[in-house]
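Data block below; observations after.
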Amino acid sequence: MGDCFICNKHSGNIQTSGISIYEDEFVYVGHIDRNGNPNYLGHIMIDLKRHVPTLGEMNMEEAKVFGMMMAKVSKALMESEKAEHIYSFVAGDSVPHLHMHLVARYPNTPKDYWGPNAVYEWPDAPMGNNEDVIALCSRLKLYLESPV
Ligand SMILES: [Zn+2]
């Protein structure tokens, strides 16, 4: 796993867009990085810390935290960023280290652009640079840290 992108990211060997939104011993939550290309704002990744490829390999301790973060981050995207819907998926074909994508869909996104990939194609999609991503991560972090 020496060349695993996600393991390298967690150990700080790779710098990615934005800042950490949440981290504990089981999971790491951050914004997707597009290698210097503009980012779709609100495309969040929940990574399992342990290097296993699929959802079915989590132990129940990890699954509890993973599932809870899925719900909390989705709620944060809706409350703080005004998303109207959250897409989620695990692919893992290119990086075999469990990570779940959460993609916000914002109000007024035309139906032709609905879907976790299609939202990127919307000409009015909220794209941003690293500064915008950091600002968004900070808002989500603040939301997650505020008492319920
Ligand atoms: Zn890994």
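The values are calculated or read from the model by the stated rules, or taken from the named source; none is laboratory data. Note that the coordinates shown come from a computational prediction; the quantities given were computed from them, not determined experimentally. FYI the Cβ positions are ideal-geometry reconstructions off the backbone, even for glycines, and counts take in every protein chain you see. For the accessible areas, the whole protein counts, side chains as well, though only heavy atoms, and no ligand, DNA or RNA atoms are used. Shrake-Rupley method; radii C 1.70, N 1.55, O 1.52, S 1.80 Å.
General observations
- Heavy-atom surface of the chain, accessible at 1.4 Å and reported per residue (Å²): 55
- Rounded tilt (10° steps) of 130-145 against the dominant C-alpha axis of the chain: 70
- Rounded to the nearest 20, the size of the Cβ-charge dipole of the chain about its Cα centre is 200 debye, with Lys and Arg at +1 and Asp and Glu at -1.
- Accessible surface of the chain [probe 1.4 Å, protein heavy atoms]: carbon and sulfur percent: 53
- Using C-alpha pairs below 8 Å separated by at least 6 residues, the relative contact order for the chain is 29 percent.
- When every Cα-Cα distance of the stretch 21-97 is counted in 5 angstrom steps from zero, the calculated P(r) takes the values 3, 13, 24, 25, 19, 11, 3, 0 percent.
- Net charge of Cβ neighbours under 10 Å - reference His43; Lys, Arg +1; Asp, Glu -1: 0
- The alpha-carbon positions of the chain define a convex hull whose volume is 113 Å³ per residue.
- Degrees between helix 60-81 axis and first principal axis of the chain (Cα, 0 to 90, nearest 10): 20
- GluC sites (Glu not before Pro) restricted to the stretch 56-148 and DSSP loop, no more than 12 other C-beta within 10 Å: Glu84
- Partnerless cysteines in the chain, where a partner means another cysteine C-beta under 4.7 angstrom, comprise Cys137.
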